[in-house]
Each structure stands twice: as C-alpha cells, then as structure tokens.
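Okay, so here's the structure we're looking at.
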Amino acid sequence: MSDIQITLQNAVAQAVEHLYGTPTESSKVLVNNTPPDFQGDYSVVIFPFVKLSKKSPDFTAGEIGAFVQEKVELVKSWNVVKGFLNLEISEIYWNSFLQSVAENHHFGKKPFTGRKVMVEYSSPNTNKPLHLGHIRNILLGWSCTKILEAVGFEVIKTQIINDRGVAICKSMLSWKLFGEGKTPESEGVKSDHFVGDWYVLFEQKSKEEYEQWQQSSIAKELFNTRKKTEQTEKEFFKDFKNKWFNEYSKLGSEVRDMLLKWESHDPEVMALWKKMNNWVYQGFDQTYGDLGVSFDKLYYESDTYLLGKDIVEQGLSKSVFYKKEDGSVWVDLTDAGLDHKVVLRSDGTSVYITQDLGTAQMRYKELGCEQFVYVVADEQNYHFQVLFETLKRLGEPYAGGLHHLSYGLVELPTGRMKTREGTVVDADDLIAEVTRLAKEQSAERGEIDGVAMAEKNENLRRVGMGALKFFIIKVHPKKKMIFNPEESVDMQGQTGPYIQYSFVRINGLMQRIEKEGVDLSMFAKYSDMKPQEKELLVALHEYPEIIQSAADEFDPSLIANYCYALAKSYHRFWHDLSIFNAETNEAKAFRLLLSKAVGQVLKSGMGLLGIEMPDRM
RNA sequence: GGUCCCGUAGCUCAGAUGGAUAGAGCAUUUGCCUUCUAAGCAAACGGUCACAGGUUCGAGUCCUGUCGGGAUCACCA
C-alpha cells in the first residue's frame, strides 16, 4: 500500500463510521488502481458497505465519495460506476511525486535496517561444468540478494561447493588412467570442461566394461537365476547396473578405493583432488564472472561433511531424536505430516541431513544471521521441510527465519536434460550464443556501426546477457520452465532488450538535455496531463510496493514483469507524444523529467535482476 | 498408495490480500520511419481460465471431488 492509498483507506473508514455509525477497520477497505477505461486514479470497492448503509451501491458510493473529497485535499474529483467509487488525485500530488522520484536515485529502496540474511544460491558439483539449470538457480538467487538489500538487509552471499564424493573421484580416476598428463592448457580447453570431459569418459568406459561383463558366464548365470518372470536380458541388466558397479566392476572398485584413500588423506590422492578441483574453480570463476555474480563466503563440503554429530547428541538429550537398537538415530516428524527420518547411520556416520543440520548451526554462530535463504530446485522440497522442522524442534534461534527458495526445473521441449543423451545445455555455450545473437541483430540494424569497438562490444554483451537473464527471471520461480535451444532467446517483444531499448531512448534524451542545457524547473506549470503520462506516473508510484512484495515472497519475477509493463508504457508514450518538440516548454520539461524518472527506475529495477543497461544499442 | 506442486489463446507466460469487459509476447495477417534510435507503435485473429460441484452481492483466484502432468516418500547426495 502506498501512502496515498492508506490515506484514502482511512478517509473511507471514517466516512463509513460517520455516515452509518459502524466502525470499520481501514485496512479492510479495498483501494485499487482504476482500470484505464474509467476516469480516476484509485477506486474503492463499495459493496462491503452496502449492508451497513442499507442503500443502493451507487448511492452509498456517492455519499462516501462526497465525504472523502471534503476530507482529503488531494482528491480532486470523484465518480461512481456500478458500485465502484473512482477518485481522481490532484496534479499537485503527482507533480511533487514526480520531482521527488527524479531527484532520488534510491527511490523505492529502503535504508539499512541492521537485519542480516544469508543467501546460499549456488551448490555445484565439481565434476562437471555449469549448465542451464545452474543458471536459473544462480540468477534467481542473485536477484534475490539484490532485492533483500533493497529492502534494507545486509546480505551474505554464499555457495556450498560439493567438492568431494564419488563423482569427483570418477573424474580423477579417469584422468589418472587415461589422461597421459594432459592439462587444460595443453589441450586448450576451458578447465572445468576439461574435468567434465574426464567424467564423461569414465561413464563411457564403465559402460563398455559393463557391456563386456554381460557376456561373461557369471553374468549369464545371474540373469538366469535372478531375473523376474517376463524380464528381458536388457531390462534385467538395466536394473542391475548399480549392484554391478558396486560389486563386480573393476572401475567401480577402483573408484571406491580412491574415495577411501581420500577419506584417509592419502597424499597422492589429495594432490590429484586439489589439482582437479582447482581446474574446476578456475572455470567456474569465469562463468560466474560472465553472469556478473559474486560470493562473500564459500563453503566446501569437504569441510562440512562431518559436521552435525554434536547436534545429534543435543537432539538425543532433548529427546527430539530417538535411538534404535541398531544404534541409528531418528527423528519422528509424523505429527507435522512428515515422516520418520534418519539423522545418523547405525555405524555412526553422517547422512546428508546431518551435514545440513550441522552447517546451519555453524553458519548461525559464524555469521549471526537471523534469516537463511536456500536457493535449491524443487526436487528437494521434502528435504527442506524435514530440515526446517527438525531445526525448529531443536529450538534453534534462527529456525523461524529459514526459507527454501524452491524453483522448478528447466526442461527442454523433449523433457528433462540428460547428460547421458548429451542434451544438457551448457552455461558457457549459452552465454556465447546470446552474445552472438545480440551482435548479429545489431549488425542487421546498423544503428551503432560507428561506435568504437570496445564500447560496442560491452553494450552488446549487456544486451545478450539481458535477453538471457530476463528470459529466465520473468517466469515465476516455482513454475517449471521450457527452454527451446532451437529458438534460443528472443530480443523482441516481452524481453530484456525491449526494456533496455526504452532505457536507451531515454539515455539519448538525457544526453541531449546536457548538450542543449534544457531548464526542467518549469515542469510544475504543466497542467494538461495526458493519459500516457498519467499511466507512467501511476506505474512509478507502484515501484516501492513491488520491491517489497518481491522481497516478502522471494519472487524476482514480480520485478521483471513490472519493468516490462513500465517499459511498455514508456514506448507508447514515446510514440504518441513529442518530447523535445512538445507543444509547450512546460510540456517539454514535464516529459523530460518524467523520462528521467522512468529511466532511473528501469535501471534500478533491472539492476535488482542483475541486468545491466546499455547506453546505446 | 501418502504428501506437495502445476493445468489460463496454437506456443511461452502475466493475472497481491476474491472485485469492473481474463491480459502480454511469439507465430499469422495488415497499417505506421522527410520528425527525439522501428530491438518501437497500432490493428486483426486467437479463450466453455482442465472438468464438476460448493461458499457469496461477486470466483481464473477460496473449499471439496474428478481427470491429466510433474516432484518426492533411501542408514544416496
């Protein structure tokens, strides 16, 4: 609710009490924006008061309208349509509002409140490069950090790196067996892709080994004795794959051996592990840089995977957890609609959730945040429900401030991306592709042919990335997304470049103001406001509320849709009205000031999405 | 089977706390650059808001059920 809407709510509530003698809670009064086809700026829904007035909706609206106009100076006029009271706000209000926006680069943002939140928005595995799914995760999370900052939080941006386990051992073993000492430099391959390639090779070699093994007499015998009725050989071996890898595979046993050596800190394995992970980090850094994101604090699973044992002890002593005869420890969450869940294995080792419990506690002690946001795909909804509920029962002080920003998976028109089928959309490829597209389209237009190469490249990089980022962020996080690599991302219509283009138009005006030294102070004498101008003012007016709801709901798509709507209104305004050649000097000043304000808000809003504005395009 | 999420135009998506005739973009068709950048503007076409009940002055929005799609229910991470 904006200040003016609250004023109107209060006035209506007063009117109802005064006219019909029944006190009404002002927050219950509905004050919406008036739809474009009607005259007025804000509309009050009158139906709820009809019971009190015992008169017709339109008559009631008239009585309330007269009272409100009397009471609130800023209400210039009112009219009634079918039970809706439409109120028009005076130019004085809009003019002073416009001036305050144009003068304030932080319009819509709140000052620092002293509150602190941690956002974990990337959790990559170190055995392969980042892909489109990671991009959605990272962009949503990054935008979320910007939005939380805008409402006054100090935000600690973190990533947890899954740098240990079977997966990275596969890459390591594969390189050790077949690598012949090759390096990313020697092969001229981006270093995280280099590591990923060895992982892929491992899977390939393992598949070959499995196929060969299926011909052995042991395999034939297993098939004949254990197959289910009607099961073909192919089906049987498909199901058997994990068991084979764990019990019969030579590569499988070598990987497990390597994992054990890693756990016992074998120097040779540790050296190899560090070497390969460093290659991956180098590659990740470049991709993060291209995406324009950064972190304040890094967590490595190799440091945290043993955490959580003491929290299990605490849980047992508080009787939040219970122990079975075999020594495993459990939590019973059935009364919260969840299930029984293991928190410690019978052999005393951690499971995934043990680690998360421990990490949460450690972070709280270390960072002192009151809120924690985890940006993780919706596959893990259940896990986070269990995690949060468990922390709550343990009485952790931050338990009320935990939030899982859950988002839907990115899918291809053919379904989920699959490494095995080679349908994974690689992050670096995609970034290169959108940049190429932006350059191609710019060349077709020829608008900035004369601009210096470096400046041109930077502008077009922003356009390409703007297209990609907007494409992803405009969709509500919890919805799954379809991405068609054939069509890639658009640059026309409801897109990032569309919004950037409206900014570029404004930027052109601002440069001209500077060159020609236009005096904007006479804007306040402009009184004949056009609908296209009012529409922009109303939109600007909503910006602070939009940021607040985006923060409350952890939903950057609200900002994206807002920016699009604002840009759309601006394009219409630009088309319909002359700005520099306006009818009067007052109109010219007003439109230029309005343009300036719109430009600032667009830049600010897109900044909350992690999208930079080009100067020219 | 239990729990959760989704179902809006041919396609991709908007539709705060229930409010006025359900909106954009893409695609298709058609207009608009001697005037501030046409990555733009305007128009046409396109809908039983999955279906059936219910709540009420009013339901795409809330409740119940049905049907479709997805996720998850490991001493995996």
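The values are calculated or read from the model by the stated rules, or taken from the named source; none is laboratory data. Keep in mind it's a predicted model, so treat the numbers as computed, not measured. Positions of Cβ are backbone-derived with ideal geometry, glycine not excepted, and every protein chain shown enters the neighbour counts. Note: accessible area is taken over every heavy atom of the protein model, side chains too, but ligands, DNA and RNA are not part of it. Shrake-Rupley method; radii C 1.70, N 1.55, O 1.52, S 1.80 Å.
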Task: Criterion violated by residue A:439 - all others in (1) under 30 Å from residue A:488 (Cα atoms); (2) more than 9 Å from RNA strand B (Cβ to nearest atom); (3) among the basic types (Lys, Arg) satisfied - done: (2)
Open item on the list: For the condition in a strand (DSSP E or B) and not β-branched (Val, Ile, Thr), what is the one hit in A:157, A:170?
Closed with: A:157
- [ ] Specify which of the listed residues (A:382, A:374) is modelled with pLDDT of 95 or more and of a type in the set (Ser, Thr, Tyr).
- [x] A:374
Open item on the list: Criterion first (of a type outside the set (A, V, I, L, M, F, W, C), surrounded by 12 or more Cβ atoms within 10 Å (Cβ to Cβ) and in contact (Cβ under 8 Å) with a residue 40 or more places away in the chain) does residue A:282 satisfy it?
Closed with: yes
TODO: Kindly provide the set of residues from region A:118-147 that are within 14 Å of RNA strand B (Cβ to nearest atom), in a helix (DSSP H, G or I) and under 15 Å from residue A:428 (Cβ atoms), ordered by number.
DONE: A:132, A:133
Open item on the list: Is it the case, given these coordinates, that residue A:411 is in contact with a strand residue (DSSP E or B) (Cβ under 9 Å, 6 or more places away or on another chain) and more than 20 Å from residue A:473 (Cβ to Cβ)?
Closed with: no
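Quick grid of which residues meet (1) among the charged types (D, E, K, R); (2) at pLDDT 90 or above; (3) at positive phi:
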| residue | (1), (2), (3) |
| --- | --- |
| A:208 | yes, yes, no |
| A:212 | no, yes, no |
| A:216 | no, yes, no |
| A:224 | no, no, no |
| A:236 | no, no, no |
| A:245 | no, yes, no |
| A:252 | no, yes, no |
| A:268 | yes, yes, no |
Task: Hey, residue A:186 open to solvent by 10 Å² or more (accessible area, probe 1.4 Å), more than 16 Å from RNA strand B (Cβ to nearest atom), of a type in the set (Gly, Ala, Ser) and more than 30 Å from residue A:483 (Cα to Cα) or not - done: yes
TODO: Considering only region A:333-366, state which residues are more than 11 Å from RNA strand B (Cβ to nearest atom), open to solvent by 20 Å² or more (accessible area, probe 1.4 Å) and within 26 Å of residue A:298 (Cα to Cα).
DONE: A:362, A:364, A:365, A:366
- [ ] For residues that are of a type outside the set (D, E, K, R), open to solvent by less than 10 Å² (accessible area, probe 1.4 Å) and within 20 Å of residue A:140 (Cβ to Cβ), scanning just region A:552-598, find the one that is nearest to RNA strand B (Cβ to nearest atom).
- [x] A:557
Open item on the list: Just to be sure I understand, how many residues within region A:61-113 are open to solvent by 30 Å² or more (accessible area, probe 1.4 Å), touching a strand residue (DSSP E or B) at 6+ places or on another chain (Cβ under 8 Å) and either under 26 Å from residue A:608 (Cβ atoms) or outside any helix (DSSP H, G or I) (or both)?
Closed with: 10
Open item on the list: Tell me yes or no: at least one residue of region A:28-47 is farther than 17 Å from residue A:78 by Cα, more than 8 Å from RNA strand B (Cβ to nearest atom), part of a helix (DSSP H, G or I) and open to solvent by 10 Å² or more (accessible area, probe 1.4 Å).
Closed with: yes
Task: Residue among A:467, A:399 that alone is modelled with pLDDT of 95 or more and in contact with a helix residue (DSSP H, G or I) (Cβ under 8 Å, 6 or more places away or on another chain) - done: A:467
